[in-house]
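First up is the structure itself, then whatever we jot down about it.
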Amino acid sequence: MDLDNILMAFVPSAVVGAVAYLLINKFLQAESKRHILEIKKESLNVTIPVRLQAFERIILLLERIDAVQVVKRSIKPGMTSGELRQKAVAEIQNEFNHNVTQQVYISAASWEKVKKAKDDAIKLIGVTGTQVGDHVDAVAFSKKILGVNEELEINNNEAIEFVKQEVRKLF
């Protein structure tokens with residue numbers, strides 16, 4: 001008889017305890033998932049503006065390292081083509097180095113396009129420099145770079161469009 005009384009008291013208590021455990025466990029799991037989603041949402045609210053700013057900086061970088069534009073900005077009266085070439089390459093390198101941390105916010109494929117655009121701009125300046133020579137007037141160099149640019153078909157439009165498409169994927 002004592003065993004029956006103990007079982008009659010223990011079994012319902014065990015059932016109630018098990019049900020309570022299952023309900024509380026399910027509730028805690030749901031709360032945990034909700035909390036994780038909330039953190040992700042807050043994270044997106046912070047990272048999206050930062051990523052957009054990085055994309056803006058990358059587009060600006062691509063515009064600023066265009067070889068023809070760099071030469072136009074760098075040329076000074078009395079400069080030789082060799083001086084202009086050195087100054088233009090240094091400016092491209094500086095612009096690139098200044099923005100190198102932006103690669104954290106863009107895809108590896110986009111960053112490769114940016115690096116290729118930088119390398120192509122330096123290549124264009126180098127090819128033009130070998131065709132013109134170092135002691136020619138910088139104006140002759142700046143005129144020649146336009147022709148070489150058309151021959152080699154070097155521009156940053158492909159990289160810019162690639163980056164723009166990546167931005168569009170965010171929305």
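The values are calculated or read from the model by the stated rules, or taken from the named source; none is laboratory data. None of these values were measured; they are calculated from a predicted model. When we count neighbours, we look across all protein chains shown, and the Cβ atoms used for this are built from the backbone with ideal geometry, even at glycine. Each accessible area value is taken on the protein alone, full model and side chains, heavy atoms only, with ligands, DNA and RNA left out. Shrake-Rupley method; radii C 1.70, N 1.55, O 1.52, S 1.80 Å.
Can you find a residue that is under 21 Å from Ile58 (Cβ atoms) and either of a type in the set (Ser, Thr, Tyr) or surrounded by fewer than 18 Cβ atoms within 10 Å (Cβ to Cβ) (or both) anywhere in segment 119-134?
Yes, segment 119-134 contains a residue that is under 21 Å from Ile58 (Cβ atoms) and either of a type in the set (Ser, Thr, Tyr) or surrounded by fewer than 18 Cβ atoms within 10 Å (Cβ to Cβ) (or both).
Mind listing just one residue for me: the one in segment 141-157 that is aliphatic (A, V, I, L, M) and open to solvent by 40 Å² or more (accessible area, probe 1.4 Å) and, of those, nearest to the chain's Cα centre (by Cα)? First the steps, then the outcome.
Step one: filter segment 141-157 for residues aliphatic (A, V, I, L, M), giving 145-146, 148, 152, 154.
Next cut, open to solvent by 40 Å² or more (accessible area, probe 1.4 Å) only: 146, 152.
Details: Leu146: 29, Leu152: 27 Å.
It comes out as Leu152.
Taking the conditions exactly as written (within 24 Å of the chain's Cα centre (by Cα), in contact (Cβ under 8 Å) with a residue 40 or more places away in the chain and part of a helix (DSSP H, G or I)), does Ala90 satisfy them or not?
Here the answer is no, as Ala90 does not meet what is asked.
Scan segment 70-87 for residues that are of a type in the set (A, V, I, L, M, F, W, C), in contact (Cβ under 8 Å) with a residue 60 or more places away in the chain and part of a helix (DSSP H, G or I) and jot them down.
Residue satisfying the conditions is Val71 alone.
What are the pairs, 6+ residues apart or on separate chains, where a residue within segment 152-171 that is on the phi < 0 side of the Ramachandran plot has its Cβ under 8 Å from a residue that is β-branched (Val, Ile, Thr) and assigned to a helix (DSSP H, G or I)?
Partner pairs satisfying both residue conditions: Leu152/Val127; Ala159/Val114; Ile160/Ile59; Val163/Ile58; Val163/Ile59; Val163/Val114; Lys164/Ile59; Leu170/Ile48.
Among Arg64, Arg51, which is of a type in the set (Lys, Arg), within 29 Å of Lys144 (Cβ to Cβ) and in contact with a helix residue (DSSP H, G or I) (Cβ under 7 Å, 6 or more places away or on another chain)?
Exactly one of Arg64, Arg51 is of a type in the set (Lys, Arg), within 29 Å of Lys144 (Cβ to Cβ) and in contact with a helix residue (DSSP H, G or I) (Cβ under 7 Å, 6 or more places away or on another chain), namely Arg64.
Whether any residue in segment 59-69 is part of a helix (DSSP H, G or I), closer than 20 Å to Arg168 by Cα and open to solvent by 70 Å² or more (accessible area, probe 1.4 Å) is what I want to check.
Looking for residues that are part of a helix (DSSP H, G or I), closer than 20 Å to Arg168 by Cα and open to solvent by 70 Å² or more (accessible area, probe 1.4 Å), one finds at least one in segment 59-69, hence yes.
Mind checking which residues of segment 118-171 are under 24 Å from Gln86 (Cα atoms) and outside any helix (DSSP H, G or I)?
Gly133, Asp134, His135, Val136, Asp137, Glu153, Ile154, Asn155, Asn156
Open to solvent by 60 Å² or more (accessible area, probe 1.4 Å) and within 22 Å of Val114 (Cβ to Cβ) - does that describe any residue in segment 31-48?
no
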